[in-house]
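One structure below.
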Amino acid sequence: MSAASWIAFGWVLFAGSHMVLSSLPVRSKLIARVGEKAFVPIYSLVAFATFIPLVWVYLAHRHAGAVVWNLAAAPGVRQLAMLLAVLAFAVIAGGVLQPSPALVGSKQAWGARGLTRITRHPLFMGIALWSLSHLLINGFLTDVLFFGGMLAFSLAGAAHQDARKRATEEERLGQFFAESSFWPFGAIIAGRNRLIWRELPWIALVIGAAAAVGIYALHPWAFAQSLSQ
């Protein structure tokens, strides 16, 4: 198979195993058989075993295959991609420091606050933004498949998590779901919430943004140049 085919197959394998193991019927049966403490390591092991080869194949075949698009040549696209990447790292760092109560393993119950007033899934949305930033400036087939797959999986994974949590933890997360939204700013636009600036994890946001700038500075040395470079 070609590198592009392997990347597509890798996403199917990773996403498929991820969704199946976290689906209610399979997850419930496994937890009943091995216990929740054993389920988490098994779930993580399968995730690593399928994701690491996917990344390895992509890194060995960056910027390969047909050119799907060359958006990086358009004025302002590179700057937009950099802005999205900085925002993505900031949101990811904020989502780690101020985690959503809907994340796997969380047992706490509270309403939307800080970043979750903006989106129910800061971590997933941060990864989606990061993927989108790379899609804009990397138009070879392997790039589009890898980053497009990551973008699709981030959104599908968040939606899948929502469905499972609504079915199993409505009592704990009812208020949170009512006050938050899947898409950024959805609940605020709908009038179900409002942005409170002081609640945002500013230290994490700044650290994440600074990390993005640092990684961008090292990017030409660490990785192959993108399509237009």
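The table that follows gives values for the structure above.
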| read-out | value |
| --- | --- |
| The chain, Rg to Rh (Cα coordinates; Rh as Kirkwood inverse mean 1/r) | 0.99 |
| Pairwise FRET efficiency - residue 197 versus residue 20, Cβ, R0 = 41 Å, nearest 0.05 | 0.50 |
| Over the chain, relative contact order from alpha-carbon pairs under 8 Å, at least 6 apart, % | 27 percent |
| Estimated dipole of region 109-229 in Debye, rounded to 20 [Cβ of Lys and Arg +1, of Asp and Glu -1, Cα centre] | 320 debye |
| Local electrostatic count at residue 178 - Lys and Arg +1, Asp and Glu -1, tallied over other residues with Cβ under 12 Å | +1 |
| Axial C-alpha extent at least 20 Å, average Kyte-Doolittle at least 0.5 - helices from the chain (DSSP) | 3-22, 36-60, 77-97, 122-137, 202-222 |
| Cα-based Rg of region 1-73 normalised by 2.2 N^0.38 Å, two decimals | 1.47 |
| Dipole magnitude of the chain, debye to nearest 20 (Cβ charges: Lys/Arg +1, Asp/Glu -1, about Cα centre) | 420 debye |
| Which of 83, 46, 189, positive extreme of dipole for the chain (C-beta unit charges) | 189 |
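We did not get these values from a lab; they are worked out from the coordinates using the rules stated. Worth saying up front: this structure is predicted, and the values here are computed from it rather than measured. Every residue, glycine among them, receives a Cβ derived from its backbone with ideal geometry; neighbour counts consider all protein chains shown.
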